[in-house]
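Here's the structure, in structure tokens; my notes come after.
Every number here is computed from the coordinates shown, using simple stated rules; none is lab data. Every value quoted in this text rests on a predicted model; they were computed, and no experiment measured them. With ideal geometry, Cβ positions are generated from the backbone for all residues, glycine too; neighbour counts draw on all protein chains shown.
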Amino acid sequence: RRFDFRVMVQMNPAGQWETTGIIGRLAHPRKIVTNYHAGGTPLPMETLMKSHLEKAGRTSRAYRRELSKLGVDVASALGTRFPGLREIGIDV
């Protein structure tokens, strides 16, 4: 089944971007979209990636750090173009 991750990134009171959450979303067995209203199921990132990371010899902690950094990098780039941006959800 298809899945993705929503990486939530917000600007903190110090004006720095930070990842505030990562949630996995598993698609309904007969659909491609992962959102809840289309039958998707929210699940922890670790649950969805467990077998994939084991095969690759990686840890969920390292993968979480990569997703977190990706979120901050994307938010930072978009924040340069859209200065009023304070929160963003990135689907990976």
Residue pairs qualifying under the 8 Å Cβ cut-off, at least six apart or on distinct chains, with the first in the range 25-41 being farther than 13 Å from ASP91 by Cβ and the second being of a type in the set (Val, Ile, Thr) and part of a loop (DSSP other than H, G, I, E, B), are LEU26/THR34
So PRO42 clears everything in (1) out of contact with any helix residue (DSSP H, G or I) (no Cβ under 8 Å at 6 or more places or on another chain); (2) outside any helix (DSSP H, G or I) except one condition, right? Which one? (1)
Looking only at the range 14-22, decide whether some residue is surrounded by 17 or more Cβ atoms within 10 Å (Cβ to Cβ) and within 19 Å of PHE3 (Cβ to Cβ). yes
Would you check if LYS31 is touching a Lys or Arg at 6+ places or on another chain (Cβ under 9 Å), over 13 Å from ARG6 (Cα atoms) and of a type in the set (Lys, Arg)? yes
Members of the range 45-92 found to be part of a helix (DSSP H, G or I) and aromatic (Phe, Trp, Tyr), listed by number: TYR63
Scan the range 49-92 residue by residue and report those that are farther than 18 Å from ASP4 by Cα and touching a Gly at 6+ places or on another chain (Cβ under 6 Å). LEU85
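Name the residue, out of SER76, SER68, SER51, that is surrounded by fewer than 17 Cβ atoms within 10 Å (Cβ to Cβ), touching a strand residue (DSSP E or B) at 6+ places or on another chain (Cβ under 7 Å), hydroxyl-bearing (Ser, Thr, Tyr) and on the phi < 0 side of the Ramachandran plot. It would help to see each step written out before you state the result.
Values: SER68 fails: surrounded by fewer than 17 Cβ atoms within 10 Å (Cβ to Cβ); SER51 fails: touching a strand residue (DSSP E or B) at 6+ places or on another chain (Cβ under 7 Å).
Selected residue: SER76, the only one of SER76, SER68, SER51 that is surrounded by fewer than 17 Cβ atoms within 10 Å (Cβ to Cβ), touching a strand residue (DSSP E or B) at 6+ places or on another chain (Cβ under 7 Å), hydroxyl-bearing (Ser, Thr, Tyr) and on the phi < 0 side of the Ramachandran plot.
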